[in-house]
Amino acid sequence: MTAIDEAAVDELREAGYLTLQRVVLPEATQVDTAQLYVDSTIATSAPLSTMNGSPQKRRERQQLVATSVAASIAHVEDFLSRTSMRVRPGARLSFGTYFNAFPASYWRRWTHVDAVRLSIKTTGTGSVLVYKSNARGSLQRVASSRVHGTHISTFELTLDPFGDGGWYWFDLVAGSEGLVLEAAEWQTKTDTTISTSVTLEITTLNKTDFCVQNLRTLASAPETLAHVREVVIVDQGTSKVADAEGFAEAEAALGGKLRIINQDNLGGSGGFARGMFEAVENGSDYALLLDDDVMIEPESINRVVTFAELCKKPTIVGGHMFDLYNRTVLHTFGEVVNPYRIQPALPNDDAILGHDFALSNLRQTPWLHRRTDVDYNGWWMCLIPTAVIREIGLSLPVFIKWDDAEYGLRARDHGFPTVSMPGAAVWHVSWIDKDDLVGWQAYFHTRNRLITALLHSPYELGGRVVRESFQLDVKHLISMQYYTARGRVMALHDLLQGPAHLHDLLPAKLPEIRSMAKDFSDSTFKPEPEDFPSPKMDKPPRKGQGFQSPGYVRLLPWTAKTVARQLLKPVKPVSKERPQALIPHQDNRWWRMSQYDSALVSNAEGTGVSWYQRDPQTLRETLAEAGRLHGQILRHWNRLRAEYREALPEITSIEAWRKTFEQHSDLGKTSS
């Protein structure tokens with residue numbers, strides 16, 4: 001398989017037209033992602049209600065319909081290049097897919113574009129069929145054309161009907177001798193040219209293999225690098241990217257555009273803030289933030305840059321995240337922050353988490369056709385105009401967790417929207433396969449969620465956030481997760497100290513938290529269950545049913561009874577000598593764990609096992625401290641809110657971050 005055929009692409013372009021989105025195809029080595037690029041099923045509408053035309057809300061029926069027409073995987077030998085593909089005789093292929101359909105409603109809502117031209121070059125005999133959808137997911141045929149020999153088909157398409165949602169796409173139907181798609185583009189008539197500059201920044205911590213591979217990917221797509229002023233790697237690890245195998249070749253292939261900054265571990269917020277800082281310092285128009293452990297679709301970079309350049313106002317434009325280990329699964333199509341709970345939430349009731357395009361293609365999934373407006377975009381891939389950075393500052397100095405969400409909320413408060421752009425994405429390990437609410441990361445989740453509430457909650461006393469925070473403490477404690485609970489209590493202490501110390505905590509807090517792990521059995525891991533005494537229950541569960549969730553109605557009295565039992569009932573000596581059960585990670589639920597005195601529990605990665613042991617004294621002391629600290633936060637909420645809001649412009653300023661970078665890196669000096 002060859003790279004993009006620039007000659008074929010050039011034939012589609014005319015003076016006065018700007019390319020918005022090219023039709024692209026997967027690399028031959030990425031055939032497991034083919035269903036995101038091309039679909040071999042028939043074009044049928046999503047099921048709609050006969051009463052009011054709205055999408056059917058019963059997902060069971062949607063899943064049944066979707067499964068019955070699940071897309072088959074295209075033949076790898078039919079992919080001729082990144083833009084060219086063979087359609088076999090008599091076959092039909094649709095480009096109404098995640099990466100190749102045109103998300104018309106996003107362009108209509110956020111940009112100056114009001115019409116597009118679809119330009120398609122084909123060789124052979126067959127038909128081109130053009131479709132659109134509306135916000136309900138109803139399919140509508142727009143136009144068609146017969147093609148013979150080498151032919152360029154063009155279709156002028158308005159964006160007027162796409163106020164709330166909808167896509168454009170096209171299908172190809174081959175004649176008896178087959179048809180070849182040479183290239184296709186979505187264009188718009190404009191005098192605008194994209195002459196912007198981007199600093200592409202990757203923050204990394206000991207992910208050298210991923211970094212080198214992404215450098216190779218970028219180097220193999222010169223059209224993607226056209227607007228990249230420089231690629232900056234902020235290396236915060238002990239295993240350096242510059243020392244990795246293959247780095248020298250990848251660096252040479254980037255033609256002098258790569259710069260490495262070695263920096264102390266300041267977390268994701270410190271690394272990404274450095275990327276923002278460098279983009280402002282070198283005069284770039286945008287900072288493009290990328291996580292280190294991702295696989296990128298390089299065409300995504302062109303798309304977010306072009307979209308951002310045509311937006312009505314400076315706009316943060318982000319890419320979506322697919323699951324690295326299940327590559328047709330879209331983790332989330334967009335997120336908002338629930339203002340009452342200060343928790344990430346799906347933007348509407350129809351959306352789902354973890355949508356698999358292999359089971360339900362774009363055309364038969366109604367909620368994917370509704371435009372999704374978001375509060376923020378994750379920093380696995382996010383393009384931020386430096387005009388926004390200059391006005392609202394850099395990242396909040398919080399190491400990890402909530403930095404991207406807070407930034408999106410802050411930008412929104414200043415009138416700068418965020419768009420999660422369909423057709424732009426990376427593959428990344430989803431947090432469904434992690435458990436970062438347990439362990440050392442719990443400190444950052446707790447503190448930073450509360451800081452975000454202080455900065456952005458419109459409700460008195462932060463709505464439910466303080467109450468829910470204490471409830472989480474109770475759950476962790478009665479689950480024998482004492483290390484996690486201790487980190488959360490530490491977070492409350494630091495929150496009450498105010499915002500002035502946040503920069504100082506960046507390099508220091510993680511080592512402090514991790515140093516406590518050795519003092520807690522629930523955070524001490526061994527590779528195998530056999531490294532511990534064999535589990536044995538003192539007595540069998542009631543009627544052999546095991547432990548059941550208490551249910552919503554019984555939740556409060558059941559929890560009170562459970563806490564009282566754990567506080568007052570002594571631990572049996574035998575439970576200190578051996579665990580009562582071996583609990584797989586997916587069964588590690590608070591209402592189940594609270595019924596044991598001792599249990600072995602595997603971690604989310606499946607790499608280790610720890611021994612949870614009930615300790616009434618630790619429970620008593622930590623629960624009392626957590627209750628006292630949450631009470632202080634509520635009593636001083638208004639004062640803390642004023643302090644954090646007043647300090648925000650200073651602690652996120654370029655000058656404040658400059659001082660931090662000077663202390664923890666050779667600012668102004670680079671090595672590669």
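The values are calculated or read from the model by the stated rules, or taken from the named source; none is laboratory data. No experiment lies behind these values; they were computed from the predicted model shown. Backbone-built Cβ (ideal geometry, glycine too); neighbour counts: all protein chains shown.
Here are the numbers for this structure:
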item	result
Single residue of the stretch 458-481 satisfying the filter (among the hydroxyl-bearing types (S, T, Y) and crowded, with 23+ Cβ neighbours inside 10 Å) that is nearest to the chain's Cα centre (by Cα)	S469
Selected residue (only one of A250, A287 is closer than 17 Å to E230 by Cα, among the aliphatic types (A, V, I, L, M), surrounded by 24 or more Cβ atoms within 10 Å (Cβ to Cβ) and in contact (Cβ under 8 Å) with a residue 12 or more places away in the chain)	A287
Residue match in the stretch 578-585 (condition: free of Cβ contacts under 8 Å to residues at least 24 places away in the same chain, surrounded by fewer than 20 Cβ atoms within 10 Å (Cβ to Cβ) and under 30 Å from S430 (Cα atoms))	yes
Residue match in the stretch 610-617 (condition: more than 13 Å from L477 (Cα to Cα) and surrounded by 14 or more Cβ atoms within 10 Å (Cβ to Cβ))	yes
Qualifying positions in the stretch 397-423 - part of a loop (DSSP other than H, G, I, E, B) and under 18 Å from D436 (Cβ atoms)	V398, F399, I400, K401, W402
Filter result (touching a residue at least 40 places away in the same chain (Cβ under 8 Å) and surrounded by 19 or more Cβ atoms within 10 Å (Cβ to Cβ)) within the stretch 234-247	V234
From L288, L310, residue being under 22 Å from the mean Cα position of the chain (by Cα) and at pLDDT 95 or above	L288
Residues within the stretch 365-398 that are within 24 Å of D323 (Cα to Cα) and not basic (K, R), tallied	18
Residue count, the stretch 613-647 (criterion: assigned to a loop (DSSP other than H, G, I, E, B) and over 18 Å from E468 (Cα atoms))	2
Number of the condition not met by A3 [criteria: (1) surrounded by fewer than 19 Cβ atoms within 10 Å (Cβ to Cβ); (2) within 12 Å of T83 (Cβ to Cβ); (3) at pLDDT 75 or above; (4) of a type in the set (A, V, I, L, M)]	(3)
Only listed residue being of a type outside the set (F, W, Y) and under 30 Å from S598 (Cβ atoms), chosen from A453, A442, A508, A500	A442
Test: residue in the stretch 308-320 that is part of a helix (DSSP H, G or I) and under 23 Å from E201 (Cβ atoms)	yes
Checking L667 against (1) in contact with a helix residue (DSSP H, G or I) (Cβ under 6 Å, 6 or more places away or on another chain); (2) part of a helix (DSSP H, G or I), the condition it does not meet	(2)
Conditions (1) assigned by TED's automatic domain parsing to the domain that holds Q471; (2) assigned to a helix (DSSP H, G or I); (3) of a type outside the set (K, R); number of the one not met by E650	(1)
Single residue of the stretch 341-379 satisfying the filter (in contact with a helix residue (DSSP H, G or I) (Cβ under 7 Å, 6 or more places away or on another chain) and assigned to a helix (DSSP H, G or I)) that is farthest from T315 (Cα to Cα)	Q364
Residue in the stretch 426-433 that is at pLDDT below 95 and in contact with a strand residue (DSSP E or B) (Cβ under 6 Å, 6 or more places away or on another chain) present	yes
Failed item in (1) in contact with a helix residue (DSSP H, G or I) (Cβ under 7 Å, 6 or more places away or on another chain); (2) surrounded by fewer than 19 Cβ atoms within 10 Å (Cβ to Cβ); (3) not in a loop (DSSP other than H, G, I, E, B), with A599 passing the rest	(2)
Residue match in the stretch 219-228 (condition: in contact with a Pro (Cβ under 6 Å, 6 or more places away or on another chain) and either surrounded by fewer than 21 Cβ atoms within 10 Å (Cβ to Cβ) or under 30 Å from S269 (Cα atoms) (or both))	yes
Some residue of the stretch 56-78 being over 24 Å from M421 (Cα atoms) and modelled with pLDDT of 90 or more	yes
Candidates V419, V398, V388 - the one that is surrounded by 21 or more Cβ atoms within 10 Å (Cβ to Cβ) and in contact with a Pro (Cβ under 8 Å, 6 or more places away or on another chain)	V388
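The rows are residues; the columns are (1) small (G, A, S); (2) modelled with pLDDT of 95 or more.
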| residue | (1), (2) |
| --- | --- |
| S457 | yes, yes |
| G462 | yes, yes |
| Y482 | no, yes |
| L510 | no, yes |
| D531 | no, no |
| L555 | no, no |
| R565 | no, no |
